[in-house]
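The values are calculated or read from the model by the stated rules, or taken from the named source; none is laboratory data. What you are looking at is a predicted structure, and each value in this text was computed from that prediction instead of being measured. Please note: Cβ atoms are built from the backbone with ideal geometry, for glycine as well, and neighbour counts cover all protein chains shown. These area figures cover heavy atoms from the full protein model, side chains too; ligands, DNA and RNA do not enter into them. Shrake-Rupley method; radii C 1.70, N 1.55, O 1.52, S 1.80 Å.
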Amino acid sequence: MSDLAKIEVRQIPVCLLCGRDGNSLYESLSDRMFDAPGAWGYLQCPACGLVWLNPRPVPAAPPNVDLRNG
């Protein structure tokens with residue numbers, strides 16, 4: 001896998017709404033729409049029912065862009 005194909009991810013094991021540990025809903029899925037590398041899954045909160053992507057991609061830092069002319 002090239003450096004360009006890597007996606008930095010973060011595990012999010014607890015519900016973003018109520019803080020309870022999530023239960024695995026789906027595991028080891030591939031991204032068939034955008035072909036993002038890696039294995040993806042969904043967790044569901046047993047208390048409030050929220051479903052979230054786990055692991056979640058870390059927002060990329062903005063690129064260094066030089067907007068000056070010349």
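What the table below lists for this structure:
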{"item": "Subset of the range 35-52 (residues that are open to solvent by 30 Å² or more (accessible area, probe 1.4 Å) and either modelled with pLDDT under 95 or in contact with a His (Cβ under 6 Å, 6 or more places away or on another chain) (or both))", "result": "Asp35, Pro37, Gly38, Ala39"}
{"item": "Tabulated pairs, the range 25-37, first within 17 Å of Val51 (Cβ to Cβ), second among the β-branched types (Val, Ile, Thr) and in a strand (DSSP E or B), C-beta under 8 angstrom, 6+ apart or interchain", "result": "Leu25/Val51"}
{"item": "Residues of the range 49-58 satisfying the condition of being more than 13 Å from Ile7 (Cα to Cα), part of a loop (DSSP other than H, G, I, E, B) and in contact (Cβ under 8 Å) with a residue 12 or more places away in the chain", "result": "Leu50"}
{"item": "Residue pairs meeting the criteria (Cβ under 9 Å; at least 6 apart or on separate chains; first under 16 Å from Ala47 (Cβ atoms), in the range 8-22; second hydroxyl-bearing (Ser, Thr, Tyr))", "result": "Gly22/Tyr42"}
{"item": "Residues that are in contact with a strand residue (DSSP E or B) (Cβ under 7 Å, 6 or more places away or on another chain) and either basic (Lys, Arg) or assigned to a strand (DSSP E or B) (or both), drawn from the range 29-48", "result": "Leu29, Trp40, Gly41, Tyr42, Leu43, Gln44"}
